[in-house]
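A quick write-up on the structure given underneath.
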Amino acid sequence: MTPRVVFDTTTVVSALLFANGRLAWLRRHWREDGCVPLLSTDTAAELTRVLAYPKFQLTREAREELLADYVPHCRIVERVKRCSLACRDANDQPFLDLAQSGGADVLVSGDKDLLALAGKTRFVIESPEQYRQRVGETGVQAQ
C-alpha cells in the first residue's frame, strides 16, 4: 500500500528548489507514486506564500512550474478538522490537522516542535532522513 504522507512546507520547498540538495530525491519519490502526498487549503496556501519569499527570487511563472511538479501528485483533503493534539507552534498545527483528517501514515518534518510529538499520534512523525531510511530512496518499503 502506498503511504499517505504529509510533508511540511520546509520539506517540500527544499525538495522543489534544490535539485542537488539532500531532499531532491523526494521529487522522484512522489512522481513515481512512492507516496501519496496530502494537501489542504491551509498547507497549499502556506506553500504558495513561502515560494513567493523575495529571498528565493522566483518569478510567478517559476513558482507555478514548481507547484506543478508537486500539486498534481497530491490528494486534496477538503474537510480538515483540528487534531486533538496541539502543537506548541500554532503555525505547525495545520500539518497535524491535515495528517489526522487525511488519514496520513506519516508526517514528515524537520521542525522540532512537530518532531517532539512523535509517538503521540496514530500516524508516524519523523524527519526527512528517517523517512528516507524507512522507505528507501526509490519509495520501496525497506525491510
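Summary of values
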quantity	calculated
The one condition in (1) surrounded by 12 or more Cβ atoms within 10 Å (Cβ to Cβ); (2) closer than 27 Å to A118 by Cα; (3) out of contact with any Ser or Thr (no Cβ under 8 Å at 6 or more places or on another chain) that T11 fails to fulfil	(3)
Any hit, region 121-141, residues being within 16 Å of the chain's Cα centre (by Cα) and on the phi > 0 side of the Ramachandran plot	yes
Options D42, D92, D97; residue that is touching a residue at least 60 places away in the same chain (Cβ under 8 Å) and assigned to a helix (DSSP H, G or I)	D92
Lone qualifier among L58, L98, L67 - being more than 24 Å from T121 (Cβ to Cβ) and either under 18 Å from the mean Cα position of the chain (by Cα) or exposed (fewer than 13 other Cβ atoms within 10 Å of the Cβ) (or both)	L67
Sole residue being out of contact with any Ser or Thr (no Cβ under 7 Å at 6 or more places or on another chain), within 25 Å of V135 (Cβ to Cβ) and part of a loop (DSSP other than H, G, I, E, B), chosen from R22, R28	R22
Where G103 falls short, out of the listed (1) in a helix (DSSP H, G or I); (2) of a type outside the set (V, I, T); (3) under 14 Å from V5 (Cα atoms)	(1)
Selection count, region 122-143, where residues are at pLDDT 50 or above and either touching a helix residue (DSSP H, G or I) at 6+ places or on another chain (Cβ under 7 Å) or not acidic (D, E) (or both)	14
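The values are calculated or read from the model by the stated rules, or taken from the named source; none is laboratory data. Bear in mind the structure is a predicted one, so any value in this text is a computation, not a measurement. Here the Cβ is made from the backbone with ideal geometry for all residues, glycine too, and neighbour counts use every protein chain on show.
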